[in-house]
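No lab work stands behind these numbers, since they all come straight from the coordinates. These numbers were taken from a predicted model, which means no experiment stands behind them. All Cβ positions, even for glycine, are placed from backbone atoms using ideal geometry, and neighbour counts span all protein chains on display.
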Amino acid sequence: MIVLDAGDSWELVMQPHHGDLAGQLAAEWGNDEFAAPRSRAAMVLAATRHDDGWAVWERWAEVEPDGEHRPVSFLQAEIPSHIDFYRAAVTDVTRRDPYAGFMVAMHAAGLYRMRYETHPQMGTMSGAEEHRDRIASFLDELESSYPRRRAECRLDESEQWTNYRLLQVFDRLSLYFSGFFKVAAGDVHTIAPVPLDYEGGETEIQVEATLGFEPFSPTHVRIAPYPFGASPATFTLERRLLPKQSWTSEEFREALVKAPLESIQIRAERDA
């Protein structure tokens, strides 16, 4: 669950809804400057389901036991649970689509390797030192499967790693729209590296919020260079809003289940 302080309320985006948005971004990606994803259907599925494991954790949402009673965010998940529910998600996605499962496996492993050194700012996960043996075993389990998965999917390493990096871009851009970052109108958010093609070409994209929408997450942006087929491109994100109050975790879970989903339209345009 992505938690944004929205003044007198909490804006909450569940991880599967964040994934739904990532899948929409994958479906629209590509133009004369940015190569469309190879095996697009599998990549859309991988983007949509890359964080499915979180649904298990979110089923038992909690609030922090302090004066603010802030909902516990996904950044606070304990590593043993994180490993187990990602393992389950990789298994299920692979059963339905081996290519998508390969990408989700790489995503799960990459979370413990700073997205394979492409996003060093994310640092290491809290508790990593305490659970280093468990993490090492999990990484070996996933990474030792890459050659078999690559052969089964009949793709070369260039496509494997380019599509992995694309998946990380879809994830990070969806996190941006989901309120993971505190953004004000006029702020520019940079995402890199962003693949341009399957020959090693890369760039960075800059996303500028264009409307005074605070305290909510951005809904209108300009992007340069622009990666989608149409401008403007529109996407939908589902979120919930809950008022701030002195919840117990049980009260919060009951309110979260009853809270209506709000659909937000996101509009992305070329930089003028």
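Between ARG134 and LEU261, what is 0.36 nm times their sequence separation minus the Cα-Cα distance? Round to one decimal in nm. Mind showing how you got there, number by number?
Working: separation 127, 0.36 × 127 = 45.72 nm, distance 3.66 nm.
Here the segment from ARG134 to LEU261 would lengthen by 42.1 nm.
For Cα extents along the principal axes in Å, one of (1) 56, 43, 34; (2) 53, 50, 31; (3) 49, 38, 33 was computed from the structure I shared and the rest are decoys. Which label?
Here Cα extents along the principal axes in Å agrees with entry (2).
Pick out which of ALA36, ALA89, ALA151 has the largest mean-square fluctuation in a Gaussian network model of the chain, springs linking Cα atoms closer than 10 Å.
ALA151
Could you compute the FRET efficiency for HIS220 and TRP60, with r as their C-beta to C-beta distance and R0 at 30 Å, rounded to 0.05?
Efficiency computed from Cβ-Cβ geometry: 0.30.
What shape does the range 4-114 have by the C-alpha gyration tensor, where a ≥ b ≥ c are the square roots of the eigenvalues, rounded means a/c under 1.5, and otherwise prolate means a/b greater than b/c and oblate the rest?
Values: a/c = 2.60, a/b = 1.55, b/c = 1.68.
Oblate, because a/c is 1.5 or more while a/b does not exceed b/c.
Among GLU269, GLU143, which comes first, then next, by fewest other beta-carbon atoms within 10 Å?
GLU143, GLU269
I need the shape label for the range 71-214. Rule: rounded when a/c is under 1.5, else prolate if a/b > b/c, else oblate, with a, b, c from the alpha carbon gyration tensor. Spell out each step's value before the answer.
Values: a/c = 2.03, a/b = 1.27, b/c = 1.60.
Taking the square roots of the gyration eigenvalues as a ≥ b ≥ c, the range 71-214 is oblate.
Taking the Cβ-Cβ separation of ARG40 and MET122 as r and a Förster radius of 35 Å, what is the calculated FRET efficiency to the nearest 0.05?
Details: r = 27 Å, r/R0 = 0.76.
E(calc), rounded to 0.05, equals 0.85.
Per DSSP helix of 4 or more residues, -39500 (n - 2.57); summed, then divided by the residues of the chain. What does that give at 222 nm, rounded to the nearest 500? Can you show the working numbers first?
Values: 10 runs with 115 residues, N = 272.
Taking each H run of at least 4 residues, the total per residue is -13000 deg cm²/dmol.
Filter the trypsin sites (Lys or Arg not before Pro) in the range 1-78 down to the DSSP loop ones having no more than 10 other Cβ atoms within 10 Å, then list what survives.
On the way: sites: ARG38, ARG40, ARG49, ARG59; in loops: ARG38, ARG59.
Passing both the DSSP loop test and the Cβ count: ARG59.
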